[in-house]
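What follows is a single structure, written as structure tokens, with notes after it.
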Amino acid sequence: MTMRTAAGDIEIVSKLGPDERLLAFDVLDGLTRPFKEVPPKHFYDAEGSRLFEQIIEQPEYYPYRTERVILEACAEEIVARTGAAELVELGSGVPTKTLLLLDAMRDAGTLDRYVPFDVSESVLLGSAERLVEQYPGLRVYGVLGDFERHLDALPVAEGPRIIAFLGGTIGNFPPGSRRKFLRGLARELRPQDRLLLGTDLVKDPALLEAAYNDAAGVTAAFNRNMLAVINRELGGDFDLDAFEHVAFYDREQEWIEMRLRALEPMVVNVRELDLAVHFANREEMRTEISAKFTRERLQADLAAAGLRLHALMTDDDSLFALSLSGP
Ligand SMILES: C[S@@+](CC[C@H](N)C(=O)[O-])C[C@H]1O[C@@H](n2cnc3c(N)ncnc32)[C@H](O)[C@@H]1O
């Protein structure tokens, strides 16, 4: 499906037709496993995206502002090194850090096209409209889809391009899927293209756990919102108050895990799936992993995908890293 909006410079391609039923499949599959799990892409309805915008403002949540600091320092150099005319952004969300890259491309006189790719329609349309106004002459080609399945929807590159995957979202993949995903991405890169990857780094577990357990409870609300998404989209009857937010650092795996814990035994019905889900008292379901990286882990993952690390940029405290790699 292709939608052209009133602003002639925006084209949106949607891979999320009515037949796609991503959520239905993931909920049926995930809630019938011995250890229940629903993947984090389903956090992001309009309310989830709004809550995420609040998470990044919490004092404990260092990844967002740290990646921003790195981009402020390095955007110009990244653009100079790549000569990029085109910025593809996976899981683009609400573009804020992206503006630093677009500004640098505009200032270098190379900016031509922005390709945001997201599962959230409201976020994708909103950002496309805003950006064509903010950058006269910019063409926006948005892809509404799941980057795990729909990379084939990326338009053919027209100039040197950067594929950006920011925010540490790569950490949401378990290690095997992560390498598979990176291999798929590598196939999209021509010799002159570069992958700009944001990765959160291994650090003091206390800092990590605080980031996912903010005192204001915003991450907890974000986590529980997934149940509201299932209720609305699939006719579920989850009682949000009957689940508590859990986030902890798994020191062996070196990842953060977010879960929802049932506060009592219960049966939840999901009408559209004709599914009754039993929860035991204190049973947990996983909603996200967020893997943390060392330089070695990053390099090994890139190498397994046939990518070579060209530059690694970090903040003064080595909390977060941005890497530039290519085939
Ligand atoms: C954590 S936010 C990051 C937003 C922004 N890029 C940043 O760095 O702050 C993740 C974004 O990725 C999108 N997303 C998550 N999983 C996705 C998937 N499988 N396919 C496409 N978009 C996805 C969400 O809708 C959300 O906008």
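Name the residues in region 39-62 that are of a type in the set (A, V, I, L, M, F, W, C), part of a helix (DSSP H, G or I) and at pLDDT 95 or above, would you? Before the answer, list the steps.
Taking region 39-62 and keeping what is of a type in the set (A, V, I, L, M, F, W, C), we get 43, 46, 51-52, 55-56.
Next, only the ones that are part of a helix (DSSP H, G or I) stay: 43, 46, 51-52, 55.
Answer for region 39-62, where residues must be of a type in the set (A, V, I, L, M, F, W, C), part of a helix (DSSP H, G or I) and at pLDDT 95 or above: F43, L51, F52, I55.
Out of region 63-112, which residues are assigned to a loop (DSSP other than H, G, I, E, B) and within 14 Å of the ligand (Cβ to nearest atom)? Break it down stepwise before answering.
The initial filter retains those residues of region 63-112 that are assigned to a loop (DSSP other than H, G, I, E, B), namely 83-85, 91-96, 109-112.
Those that are assigned to a loop (DSSP other than H, G, I, E, B) and within 14 Å of the ligand (Cβ to nearest atom): G91, S92, G93, V94, P95, T96.
Just one of the listed residues (R33, R68, R50, R81) is without any contact (Cβ under 8 Å) to a residue 12 or more places away in the chain and within 26 Å of L319 (Cβ to Cβ), namely R50.
There is at least one residue in region 198-214 that is modelled with pLDDT of 95 or more, surrounded by fewer than 21 Cβ atoms within 10 Å (Cβ to Cβ), out of contact with any Asp or Glu (no Cβ under 9 Å at 6 or more places or on another chain) and of a type in the set (G, A, S).
Identify, from the list R183, R194, the residue that is touching a residue at least 40 places away in the same chain (Cβ under 8 Å), more than 16 Å from the ligand (Cβ to nearest atom) and either closer than 24 Å to V246 by Cα or surrounded by fewer than 16 Cβ atoms within 10 Å (Cβ to Cβ) (or both).
Details: R194 fails: either closer than 24 Å to V246 by Cα or surrounded by fewer than 16 Cβ atoms within 10 Å (Cβ to Cβ) (or both).
None of the others qualify; the one that does is R183.
Checked against the criterion of being acidic (D, E) and not assigned by TED's automatic domain parsing to the domain that holds T287, region 180-198 contains one or more residues that satisfy it.
Working carefully through the options V132, V123, find the one that is closer than 30 Å to Y212 by Cβ and in the same structural domain as A304 (by TED's automatic domain parsing). Please lay out each step first, then the result.
Working: V132 fails: closer than 30 Å to Y212 by Cβ.
Exactly one residue qualifies, and that residue is V123.
Filtering region 304-319 for residues that are farther than 23 Å from R179 by Cα and not acidic (D, E) leaves a non-empty set.
Does D103 satisfy the criteria of being of a type outside the set (A, V, I, L, M, F, W, C), in the same structural domain as L312 (by TED's automatic domain parsing) and more than 26 Å from N231 (Cβ to Cβ)? So D103 passes the test. A count restricted to region 28-53 and to residues that are under 18 Å from I289 (Cβ atoms) and either within 12 Å of the ligand (Cβ to nearest atom) or open to solvent by less than 20 Å² (accessible area, probe 1.4 Å) (or both) stands at 12.
This table checks each residue for (1) under 26 Å from L307 (Cα atoms); (2) surrounded by fewer than 18 Cβ atoms within 10 Å (Cβ to Cβ); (3) among the polar types (S, T, N, Q); (4) in contact (Cβ under 8 Å) with a residue 60 or more places away in the chain.
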residue	(1), (2), (3), (4)
L102	yes, no, no, no
M105	yes, no, no, no
S127	no, no, yes, no
V132	no, no, no, yes
P136	no, yes, no, no
G142	yes, no, no, yes
G168	yes, no, no, yes
F173	yes, no, no, yes
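Out of all the residues in region 228-239, is one or more aliphatic (A, V, I, L, M) and either modelled with pLDDT under 95 or open to solvent by 40 Å² or more (accessible area, probe 1.4 Å) (or both)?
There is no residue in region 228-239 that is aliphatic (A, V, I, L, M) and either modelled with pLDDT under 95 or open to solvent by 40 Å² or more (accessible area, probe 1.4 Å) (or both).
The values are calculated or read from the model by the stated rules, or taken from the named source; none is laboratory data. None of these values were measured; they are calculated from a predicted model. All Cβ positions, glycine included, derive from the backbone under ideal geometry; neighbour counts span all protein chains shown. Calculation scope for accessible area: heavy atoms of the full protein, side chains included, ligands and nucleic acids excluded. Shrake-Rupley method; radii C 1.70, N 1.55, O 1.52, S 1.80 Å.
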